[in-house]
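Trainee: Structure in structure tokens, see below.
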Amino acid sequence: YTAITQALNRLAQLILSETESRFEKIKKEIMGALGDVAQVMIDLSPDLEAVIGKQRPLENLPPKETQNRMMIYFKRFLKVIASEDHPLVIFIDDLQWIDSGSLKLLEYIQTDTELSHILLIGAY
């Protein structure tokens with residue numbers, strides 16, 4: 001998930017630069033959406049640990065279930081981050097080199113009708 005990790009790490013830096021009140025609001029909303037499985041987002045984007053703090057380890061699951069869990073909670077995370085007041089633009093360059101995991105995750109985001117206020121831009 002190299003492309004997604006880079007984008008999320010940049011997003012984490014932007015969240016950290018918010019005002020204290022906005023930062024706390026975002027942190028609370030993220031934790032509300034992710035609950036006890038917040039580590040899944042830190043595994044995807046290590047810089048998010050600076051935003052939501054250290055989390056408890058995840059239960060080990062078989063590979064397919066691990067991927068499904070990550071996709072479900074990634075969607076929950078995006079629902080918190082992308083709003084009418086703060087739309088999210090994800091730009092991925094060099095799509096010809098994208099790894100299969102990132103591609104699958106981008107397809108999942110793009111085809112999910114529950115997600116809104118997200119613009120995906122890809123270049124190759």
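Only the coordinates and a few stated rules stand behind these numbers; no lab work does. Please read all numbers here as calculations on a predicted model, not as lab measurements. Here the Cβ positions follow ideal geometry from the backbone for every residue, glycine too, while neighbour counts run over all protein chains shown.
Trainee: Please give, to one decimal in nm, the separation of the simple spin-label points placed at residue 75 and residue 19, each 7 Å out from Cα toward the Cβ.
Mentor: 3.4
Trainee: Would you mind calculating the relative contact order of the range 1-106 from Cα pairs under 8 angstrom and at least 6 residues apart, reporting the percent as a whole number? Each step should come with its number before you reach the end.
Mentor: On the way: 83 pairs, mean separation 40.9, N = 106.
Computed value for the range 1-106: 39 percent relative contact order.
Trainee: Okay, next question. How would you order 24-30, 71-77 from highest to lowest mean count of nearby Cβ atoms within 10 Å?
Mentor: On the way: 24-30: 14.9, 71-77: 18.3.
By packing density, highest mean first, the sequence is 71-77, 24-30.
Trainee: What list of ³J(HN,Hα) values in whole Hz, one per residue of the range 32-41 in order, does the Karplus curve 6.51 cos²θ - 1.76 cosθ + 1.60 (θ = phi - 60°) give from phi, with Gly and Pro shown as x?
Mentor: x, 6, 9, x, 6, 10, 4, 4, 4, 6
Trainee: Can you list the residues, at least 5 places off or on another chain, whose amide H is less than 5 Å from the amide H of residue 92, using H built in the peptide plane?
Mentor: Residues meeting the amide H criterion: 121, 122, 123.
Trainee: Select from the range 32-124 those GluC sites (Glu not before Pro) which occupy a DSSP coil region and have at most 13 other Cβ atoms within 10 Å, ordered by residue number. Walk me through the intermediate numbers first.
Mentor: Working: sites: 49, 59, 65, 84, 107, 114; in loops: 59, 84, 114.
Taking the range 32-124 and a limit of 13 other Cβ atoms within 10 Å, the loop GluC sites (Glu not before Pro) found are 59, 84, 114.
Trainee: Here's a follow-up. Among all the lysines, which ones have a C-alpha under 20 Å from residue 64's C-alpha, if same-chain residues fewer than 8 places away are not counted?
Mentor: 75, 104
Trainee: Taking residue 27 as the anchor, which aspartates and glutamates have their alpha carbon closer than 15 Å to its alpha carbon, excluding any fewer than eight residues away along the same chain?
Mentor: 18, 36, 47, 49
Trainee: From the list (i) 118; (ii) 102; (iii) 146, can you say which value of volume of the Cα convex hull per residue in Å³ was derived from the structure given?
Mentor: Step by step, volume of the Cα convex hull per residue in Å³ for this structure corresponds to label (ii).
Trainee: I need the P(r) histogram for the range 59-124: all alpha carbon pairs, bin width 5 Å from 0 out to the longest distance, whole percents.
Mentor: 4, 14, 25, 23, 18, 12, 4, 1
Trainee: Please work out how much length the chain gains when fully extended from residue 111 to residue 83, using 0.36 nm per residue of separation minus the C-alpha to C-alpha distance, in nm with one decimal.
Mentor: Details: separation 28, 0.36 × 28 = 10.08 nm, distance 1.76 nm.
Fully extending the segment from residue 111 to residue 83 adds 8.3 nm.
Trainee: If I stretch the segment between residue 96 and residue 65 completely, what's the gain in nm (0.36 nm per residue apart, minus their alpha carbon distance), one decimal? Working shown, then result.
Mentor: Working: separation 31, 0.36 × 31 = 11.16 nm, distance 2.75 nm.
Net length gain for the segment: 8.4 nm.
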